[in-house]
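To start, the structure itself, in structure tokens.
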Amino acid sequence: MPDLFLLNISASSIFDAASPEAASIRQLTFEFIIAASAVLLLVVILTSYITVKYRSKHRHEDPKQITGNRALEIWMVSVPLALVILFLFRSLATMNAILPDRGNHTPDIIITGHQWFWEASYPGTTVTTANEIHLPTGKRILMLLNAADVIHDWWVPALGPKMDMIPGMNNYLWLTINQPGIYDGACSEFCGQQHAWMRIRVIAQLQPDYERWLSEQTTNTHIPQDTMAKAGAILFLESTCSSCHRLKGTAAAGITGPDLTHFGSRQTMLTGMMANDSGNVARWLSDPQAVKPGAHMPRFIFAKDSIRALTAYLEQLK
Ligand SMILES: [Cu+2]
């Protein structure tokens with residue numbers, strides 16, 4: 001199978017911090033780098049000095065043997081100790097600043113890690129979506145993170161810290177996104193065969209754009225208009241796709257796979273593996289295991305026409 005259809009997404013970096021939470025991690029990283037560089041420089045300078053000064057060319061006898069040097073010993077112990085203590089407190093302060101108490105806030109978004117996709121639901125609305133996670137900018141958001149099967153780990157470096165997603169346990173993150181944009185990340189806890197393809201895509205939008213998106217997502221699954229898509233809709237229900245996927249407002253209510261209600265409005269599919277277009281959807285439906293080996297979606301033996309109908313239907317679900 002050629003790899004040409006795969007998207008080449010590079011994860012964002014902590015140095016492109018796009019939230020105050022990420023900025024405080026970046027600040028701490030800089031401080032660490034400066035302190036570590038100073039120590040390295042000192043060691044290199046002293047080692048070079050001693051290497052040159054005491055090379056055997058100039059000396060045929062051992063240098064004067066000294067035992068103990070109180071002043072030097074105090075320095076050697078106290079400076080590293082002071083650095084360690086300083087960074088312990090700087091790290092604790094950073095953690096406190098970015099993971100403050102949640103008080104009685106209710107989460108703005110719930111993200112659940114699955115093998116191998118991200119489910120996102122928006123409390124207070126009927127919206128559930130997958131993989132492309134829309135969030136508003138300029139607003140402090142509380143995220144609830146958990147997992148449906150094994151441990152996953154949420155990390156979008158430009159937006160802040162990593163957070164484990166553990167089955168049966170709720171973890172929380174605060175997040176304020178400064179600028180609209182697309183922020184990529186990846187699952188950061190090995191979670192099985194397709195872990196490497198478990199990319200994260202956060203689409204940060206200005207409040208009005210975000211609200212428009214959210215209200216579009218609250219609508220029920222579009223009713224297909226043309227014959228091809230209508231055939232696809234029937235096939236979807238008949239082929240047991242509905243036992244794993246949800247199409248809001250239809251009989252399809254499965255929750256083991258990604259919600260497909262507005263699948264056509266997503267730009268990428270299969271956690272950032274490829275662009276969401278009819279060629280790739282057809283490729284996926286023809287043989288999921290060839291596209292993403294190990295994925296928890298079985299292979300259906302479809303005629304070409306059936307794949308075309310299902311693809312037409314799915315791509316219309318804007
Ligand atoms: Cu994962």
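The numbers here are math on the coordinates, done by the rules we state, and not lab data. Quick caveat: nothing in here was measured; it's all calculated off a predicted structure. Ideal geometry is used to build each Cβ from the backbone, glycine not excepted, and the neighbour counts take in all protein chains shown.
Determine the gain in length on full extension of the stretch I223-V44; use 0.36 nm per residue of separation and subtract their C-alpha separation, reporting nm with one decimal. The partial results should precede the final answer.
On the way: separation 179, 0.36 × 179 = 64.44 nm, distance 7.03 nm.
That pair, I223 and V44, stretches by 57.4 nm at full extension.
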ask   = Of N220, S243, H152, which is farthest along the charge dipole of the chain in the positive direction, counting Lys and Arg as +1 and Asp and Glu as -1 at C-beta?
value = H152
task = Would you please give the FRET efficiency between K162 and H296, computed as 1/(1 + (r/R0)^6) with r the Cβ-Cβ distance and R0 = 22 Å, to the nearest 0.05?
result = 0.35
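Quote the FRET efficiency, to the nearest 0.05, computed for Q179 versus S243 with a Förster distance R0 of 41 Å and r equal to the Cβ-Cβ distance.
0.50
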Options H296, I234, F190, ranked by Cα towards positive dipole end of the chain, top entry (Cβ charges) = F190
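Output the peptides 294-306, 259-271 sorted from most to least packed, where packing is the average of other Cβ atoms within 10 Å over each peptide's residues. Mind showing how you got there, number by number?
Values: 294-306: 13.2, 259-271: 20.9.
Highest to lowest by the protection proxy: 259-271, 294-306.
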ask   = Taking R0 as 25 Å, what's the FRET efficiency between A23 and V84 from their Cβ-Cβ distance, rounded to 0.05?
value = 0.55
inquiry  = Could you sort the peptides 141-154, 222-235 by per-residue average Cβ neighbour count (10 Å cutoff), highest mean leading?
reply    = 141-154, 222-235
query = How are the C-alpha pair distances of region 227-315 spread across 5 Å bins, as whole percents from the shortest bin up?
reply = 3, 14, 25, 30, 22, 5, 0
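Treating only the Cβ atoms of Lys and Arg (+1) and Asp and Glu (-1) as charged, compute the dipole magnitude of region 156-298 about its Cα centre; round to the nearest 20 debye. Before the final figure, lay out each step's value.
On the way: 10 positive and 11 negative charges, 16 e Å.
In debye, rounded to 20, region 156-298 gives about 80.
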task = Describe numerically, in nm with one decimal, the distance between label points set 7 Å from Cα along Cα→Cβ at E31 and at S215.
result = 4.5 nm
inquiry  = Let me spell out the model: positive unit charges on the Cβ of Lys and Arg, negative unit charges on the Cβ of Asp and Glu, origin at the Cα centre of the chain. What dipole size does that give, in debye rounded to 20?
reply    = 800 debye
